[in-house]
1. Using only alpha carbon pairs under 8 Å that are at least six residues apart, calculate the relative contact order of the chain and give it in whole percent.
2. For the chain, with a Gaussian network of springs between Cα atoms less than 10 Å apart, report the residue from Ala46, Ala133, Ala68 with the top mean-square fluctuation.
3. Multiplying the sequence separation of Ser58 and Thr116 by 0.36 nm and subtracting their Cα-Cα distance, what value in nm do you get?
4. Towards the positive end of the charge dipole of segment 5-165, with charges on Cβ (+1 Lys, Arg; -1 Asp, Glu), say which of Leu15, Thr130, Ala46 has the farthest Cα.
5. Across segment 5-165, how many lysine pairs, 8 or more positions apart or on different chains, have C-alpha atoms separated by under 15 Å? Please give the number.
6. With labels modelled as points extended 7 Å from the Cα through the Cβ direction, what inter-label distance (nm, one decimal) is found for Thr39 paired with Ser25?
7. What is the list of residues in segment 40-63 whose amide nitrogen lies under 19 Å from a point 7 angstrom out from the Cα of Met148, following Cα to Cβ?
8. Using 0.36 nm per residue of separation minus the Cα-Cα distance, give me the extension gain between Tyr105 and Thr48 in nm, one decimal.
Amino acid sequence: MKPFLHKQASLRLSLLLFGLVIVFSVLIMPRLAGDQEVTPIDLQFAYTPERAYELIDSYSEDTRIIYARGEMTFDVAYPIVYTLFMSVTLMLLYPNKWKVAWVPYGIFGVDMLENTGIVTMLYSYPTKLTMVAWFTSGFSTIKWSLVMVVLVMILVGLGKKLFTKK
């Protein structure tokens, strides 16, 4: 079954969603830590529980609360936006292989699992939940691996579109 968005996919929609991704990336997500300069756990790749808790240890109590709330609000909205952007863009670039447009939904799923793990670790602090940290790291690693796959697919698709038009 083709995704509902397949009928809605357009360059205009893709560009609108890309604009929203930029707004989230540049204006909203960096401010989730408040005034403190913070290294977010969800930007890490293949980290150990020790690294996760090293980061959490470096956060103030206020930062942990703000970060957890951000994970439950803005970091739910942002994955919806980037998932739709990637899915629509893949549909446009690979119209005869529309099933590739499902890959971003996998990213969304593991991102939500990652957020759940991060929030659990933040709210349970100072108790250290080693297994939660391992699972969260696994979700982060899967997420970033799939993001790289999708970005390569988008770049290859754009390259093919550019070179086949000439």
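Taken together, the values in this text are just the output of simple stated rules run on the coordinates, not laboratory data. For clarity, every value in this text was computed on a predicted model and none was experimentally measured. Here the Cβ positions follow ideal geometry from the backbone for every residue, glycine too, while neighbour counts run over all protein chains shown.
1. That works out to 29 percent.
2. Among Ala46, Ala133, Ala68, the largest GNM mean-square fluctuation belongs to Ala46.
3. Details: separation 58, 0.36 × 58 = 20.88 nm, distance 2.00 nm.
That works out to 18.9 nm of additional length.
4. Looking along the dipole axis, the top candidate is Leu15.
5. Pairs that pass both the separation and distance tests number 4.
6. Output for this residue pair reads 2.2 nm.
7. 41-48
8. Once the chain is fully extended between Tyr105 and Thr48, it gains 17.9 nm.
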